[in-house]
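Notes follow the structure.
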Amino acid sequence: MSAQSDLVHMFNGIPFSTRASIELLQSLDSFEVRADDLLLASYPKSGTHWLTEILKHLYHSQQAANGGKSMTLTTSIEFGDPFKFEELKNLPSLRLIPTHLNYRMLPVQFKTKKCKMIYIIRNPKDTAVSFYHYYRENANLPKIKKWATFLEMFMKGEVVCGSWWHHILSWEEHMNDDNVLILYYESMKKDLLKSIEQICNFLGISVTDQQMREISRRSSFKEMKEEAQRENPAPDHTVCVLTSNRQLVFRKGTVGDWKNYFTSEQNKHFEEQFRSRMNSSELAKSIIYES
Ligand code: A3P
């Protein structure tokens, strides 16, 4: 097993996977953004792959129907070394670019060019549980045996990509920008068709009701998990900087699994932290913990 120092390093006070090189993190602002780039942002384990799958099908459906723009999915913007920016230059538009960066760290041109950005949020308790399993199963992350240890690290922002609270609050400052769409994992679970409609309106994509139902079917947890099991892991198969193995992504896909992990003491402590950190947060008000 690799030492923790081989897997995680600090940048700007935030722990990052060493799969995001310091050189790349230092040169983020040099990334040449195109006005039609679409940024897909999230804190890890918030449903990024799910959302990506929906977007992929949406663009394919639109292109098949009326020759609209095709979409090229890139690896996460912070994955690799600065040479990666050269590779992205060669990709055709429209590029769908995933990231786990907080808003402040985004390459500056995403902001100056007012690119469209979709930010997906998941309730932090399920996010923590999902992240815990990712830590346990992902060879690119340090091994953490106990749930209690991980939860403490999560609450202190000592996990890769840093603090959930900071991440959400950095995006909250831009929640009303015209070029930003905020989605919630739990709302997608509750009414996926409605969420797909929201995405279509935001991106100016139109698909038929039948296409929408088909997209919903093909992006179901079961379909995506089975598809991942048929694939060979390859570096560009995930949209998460933390792994190249899609099979690690599809675990349960439910809302409320946290109840199987949090003790009542841990829940109380978490709720206190949540109240003190997210007290004035608008985004926090819409977070749902149960299905
Ligand atoms: P669990 O570990 O709770 O199962 P990300 O893509 O950001 O890494 O998030 C991974 C989480 O999203 C995992 O949560 C995974 O199961 C869930 N997920 C992935 N695809 C999904 C889908 N189609 N429907 C619902 N949840 C999905």
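The values are calculated or read from the model by the stated rules, or taken from the named source; none is laboratory data. Quick caveat, the model's predicted, so the values are computed rather than measured. Note that we place each Cβ from the backbone using ideal geometry, even for glycine, and neighbour counts take in every protein chain shown. Protein only, heavy atoms only, side chains kept; ligands, DNA and RNA dropped before computing areas. Shrake-Rupley method; radii C 1.70, N 1.55, O 1.52, S 1.80 Å.
Convex hull volume of the C-alpha atoms in region 1-89, normalised per residue: 129 Å³. With all protein chains kept in place, the per residue accessible area of region 7-286 amounts to 44 square angstrom at a probe of 1.4 angstrom.
Longest stretch of the chain clear of exposed loop sites (GluC sites (Glu not before Pro), DSSP loop, at most 15 other Cβ atoms within 10 Å, sites excluded): 33-157. Here r is the Cβ-Cβ distance between residue 275 and residue 148 and R0 is 22 Å; the resulting FRET efficiency, rounded to 0.05, is 0.60.
Of the cross-linked pairs 225/268; 116/145; 190/268; 45/190; 143/189; 114/194, which ones have a Cα-Cα span greater than 28 Å in the structure shown? 225/268; 116/145; 143/189, as the Cα separations exceed 28 Å there. Taking the centroid of alpha carbons for each part, region 39-83 and region 199-228 are 13 Å apart.
Using the Cα coordinates of the chain, the gyration tensor eigenvalues translate into equivalent-ellipsoid semi-axes of 28, 23, 19 Å, sorted from longest to shortest. When the chain is treated as a GNM with alpha-carbon contacts under 10 Å, the residue of 249, 159, 180 showing the greatest mean-square fluctuation is 180. Distance distribution P(r), region 48-206, all Cα-Cα pairs, bin width 10 angstrom from 0: 9, 33, 37, 19, 3, 0 percent. For region 129-210, trypsin sites (Lys or Arg not before Pro) are listed when DSSP marks them as loop and at most 14 other Cβ atoms sit within 10 Å of their Cβ; the list is 143, 145, 146. Express in % the proportion of alpha carbon pairs of region 163-291 at distances exceeding 18 Å. In whole percent, the long-distance tail amounts to 69.
Carbon-plus-sulfur accessible fraction, the chain (probe radius 1.4 Å, protein heavy atoms only): 48%.
Under 20 Å of direct C-alpha separation, and excluding same-chain neighbours fewer than eight residues apart, residue 156 reaches these aspartates and glutamates: 126, 172, 265, 271, 272.
Note: relative contact order over the chain, using C-alpha pairs below 8 Å and six or more positions apart, is 25 percent. Over the residues of the chain, the helix contribution to mean residue ellipticity at 222 nm works out to -13000 deg cm²/dmol, using -39500 (n - 2.57) for each DSSP H run of at least 4.
In terms of its C-alpha gyration tensor, region 160-202 comes out oblate, because a/c is 1.5 or above while a/b does not outweigh b/c. Taking springs between alpha-carbon atoms closer than 10 angstrom, which of 74, 263, 243 fluctuates most in the Gaussian network model of the chain? Judging by the Gaussian network model, the answer is 263.
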